[in-house]
Amino acid sequence: MVKRAHLLRKILPVSFVICSIIFSSYTTNAQGCSDAGFCTAPAMRPKALADTTNLTNKITAGFGIGFADHSVTVYNGMVAYTGTFSKHFNGSVRFNYQYNDGPLAGVGALSDAFVTAGYNSGSGFDITAGIKIPFTDGNINYQGLILPMDYQPGLGTTDLLIGAGYRFGKGGVVAGLQQPLTQNKNAYLSDLYPEGTPGSEFQSTNKFFRYGDILLRAYYNFSFAQNRITLSPSLLPIYHLKEDTYRDRNDAEISIAGSDGLTLNGTITLRYTSGNHSVETTMGTPFVVREARPDGLTRSFVAGIEYAIRF
């Protein structure tokens, strides 16, 4: 009975966080992260408790869903390989598939590859660098229609990724930069569609220029059942560095007011590990939002599940 009461005292506060996240997801929209990708890269995720299997390779497969603006639903699939090559060095490669479905269209494609390399000091500090490689140009059309960014399966940009993290006990913090090196070829203008029809309500992004993001994650691991079960709530602020721009019909550059600034997200991850197998589910939703999100990454709620095997 004493152990059960102690377990309840640990679970109830976290359960309250989960309920708060789910409740707030119905009233708020903010920049999502999994589509842009860096905050779901291995370096930017909550670090699991120490692995005792001494296995150096991991293959992961996962699926996710997100609810976007204007009744658009986003489905994500991924497969990834992570390898530990020595005591201090590791690397990963991940391929993403995305399908966006809404009143205007249903469009899917292999969206991006993420390639990262990391250094682990062995004392809780690690750094990571990498690149996001797009497989689309951000201007996929549907039955002759030029689609807004909300319907594009990827951002269409090549991005530089830099991250650093520090783990202390069961908690930790990570910080990162995702900086576009190239821009996409999106050609959407809202006046291409008759006013009031699906497609006319989105932000124009013709010759879209997207600036970078810096992000921070603070997390804590609650462990149960001899560390086989881990519950990891985290706060994830994302700061968009500058107002994005597009070009109108006269090729004049227009700044998108309110597209810079802070988004604050809450996420929670539940992980079950048995031997060299693990299953992980994640939910997230925003608490603080930017006024404009022209890149199409608006999400009111995201959830995903992953399976991983080590060998």
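Brief remarks follow.
- Fraction of alpha-carbon pairs over 21 Å apart in segment 52-138 - percent: 45
- If only the Cβ of Lys and Arg carry +1 and only the Cβ of Asp and Glu carry -1, the dipole of the chain around its Cα centre is close to 1840 debye.
- Coarse-grained scattering of the chain at q = 0.07, 0.08, 0.12 Å⁻¹, given as base-10 log I(q)/I(0) from a Debye sum over alpha-carbon atoms: -0.28, -0.36, -0.80
- Using a probe radius of 1.4 angstrom, the carbon and sulfur fraction of the accessible surface of the chain is 63%.
- DSSP loop trypsin sites (Lys or Arg not before Pro) with at most 11 other Cβ within 10 Å excluded, longest remaining stretch of the chain: 88-248
- Cα-based helix-to-principal-axis angle, 2-24 vs the chain, degrees rounded to 10: 0
- Förster-model FRET efficiency, 51 Å R0, Y272 and A252, C-beta, rounded to 0.05: 0.40
- Shape call, segment 208-311: gyration tensor on alpha carbons, a/c limit 1.5: prolate
- 19 Å cut-off, amide nitrogen to a point 7 angstrom out along D191 Cα→Cβ, residues in segment 126-168: 146-149
- When the Cα positions of T263, A80, S223 are compared along the charge dipole of the chain, S223 comes out farthest toward the positive end, with charges on each C-beta of Lys, Arg, Asp and Glu.
- Average accessible surface area per residue within the chain, 1.4 Å rolling probe, Å²: 47
- If R0 is 25 Å, the Cβ-Cβ spacing of I133 and L241 corresponds to a FRET efficiency of close to 0.70.
The values are calculated or read from the model by the stated rules, or taken from the named source; none is laboratory data. A quick note: this is a predicted structure, and the numbers were derived from the prediction, not measured. Glycine also receives a Cβ, built like all others from the backbone with ideal geometry; neighbour counts cover every protein chain displayed. Accessible surface areas use protein heavy atoms only, side chains included; no ligands, DNA or RNA. Shrake-Rupley method; radii C 1.70, N 1.55, O 1.52, S 1.80 Å.
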